[in-house]
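*Asks:* Dropping a structure here in structure tokens format, bear with me for questions.
The values are calculated or read from the model by the stated rules, or taken from the named source; none is laboratory data. Because the structure is predicted, anything quoted here is derived from the model rather than measured. Here the Cβ is made from the backbone with ideal geometry for all residues, glycine too, and neighbour counts use every protein chain on show. What goes into the accessible areas is simple: the full protein's heavy atoms, side chains included, and nothing from ligands, DNA or RNA. Shrake-Rupley method; radii C 1.70, N 1.55, O 1.52, S 1.80 Å.
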Amino acid sequence: MPPSNVDLSRRAFAAFNDRDLDAFLSVLAEDVEASPMLAAVEGGYTGHEGVRRWWATVNDAFPDIVADVDEIEDRGDRTVTRMRLRGRGAESATPFDTAVVHEAEYRDGKCVAWRLYR
């Protein structure tokens, strides 16, 4: 039985927290459209190469960032996750802890798009 979209989301968040880029990418379609909070500054990220750029930027700026998942809702071909992002800035060591909502769209067992909202 293929994993549910909720299972795929959990797998992606675990990979993010473990700093396992290969496991993270394994959940994403090759042409994924990603719109994290950095998209407001840098624009969106397309495909695995775009996600790799985002990953490097985030991990350089916030080396101990963690996504604490509160709840993942199954909405058919989408999941909606309420969570907190927390960590410290690399240069200033300033702590952050912010509530966010993550929306992901799935097709054929892969995430084809995801967005992060404050």
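*Asks:* Going toward the positive end of the dipole of region 30-94, with +1 on Lys and Arg Cβ and -1 on Asp and Glu Cβ, which of Val58, Gly87, Ala39 do you reach last?
*Replies:* The one lying farthest along the dipole's positive direction is Gly87.
*Asks:* Give the dimensionless ratio obtained when the Cα radius of gyration of region 63-104 is divided by 2.2 N^0.38 Å.
*Replies:* So the Cα radius of gyration is 1.39 times the expected 2.2 N^0.38 Å.
*Asks:* If Val41, Val66 are ordered by their accessible area, calculated over protein heavy atoms with a 1.4 Å probe, which sequence runs from highest to lowest? Mind showing how you got there, number by number?
*Replies:* Values: Val41 125, Val66 35 Å².
Reading off the accessible areas and sorting them downward yields Val41, Val66.
*Asks:* Whose amide H sits under 5 Å from the amide H of Cys111, counting only residues 5 or more places off or on another chain, with H placed in the peptide plane?
*Replies:* Amide H neighbours of Cys111, under 5 Å, 5+ apart: Leu28, Ala29.
*Asks:* Follow-up question, since we're still on this one. Counting other Cβ atoms within 10 Å of each Cβ, which trypsin sites (Lys or Arg not before Pro) in region 48-112 have at most 16 and sit in a DSSP loop? Write out the running numbers ahead of the final one.
*Replies:* Working: sites: Arg52, Arg53, Arg75, Arg78, Arg82, Arg84, Arg86, Arg88, Arg107, Lys110; in loops: Arg75.
Qualifying residues, ordered by number: Arg75.
*Asks:* Could you give the spread of the C-alpha atoms of region 2-56 along their three principal axes, from largest to smallest, in whole angstroms?
*Replies:* Cα spread of region 2-56 along its principal axes, largest to smallest: 34, 21, 17 Å.
*Asks:* Right, something else. For Val66, what charge total do you get from the other residues with a beta carbon under 9 Å from its beta carbon, if Lys and Arg give +1 and Asp and Glu give -1?
*Replies:* 0
*Asks:* Given an 8 Å cut-off on Cα distances and at least 6 residues of separation, report the relative contact order of the chain as a percent.
*Replies:* 26
*Asks:* In whole Å, what three semi-axes, largest first, describe the equivalent ellipsoid of the chain built from its Cα gyration tensor (square root of 5 times each eigenvalue)? Don't jump to the answer; show the numbers that get you there.
*Replies:* Numbers: eigenvalues 100, 50, 33 Å².
One finds semi-axes of 22, 16, 13 Å for the chain.
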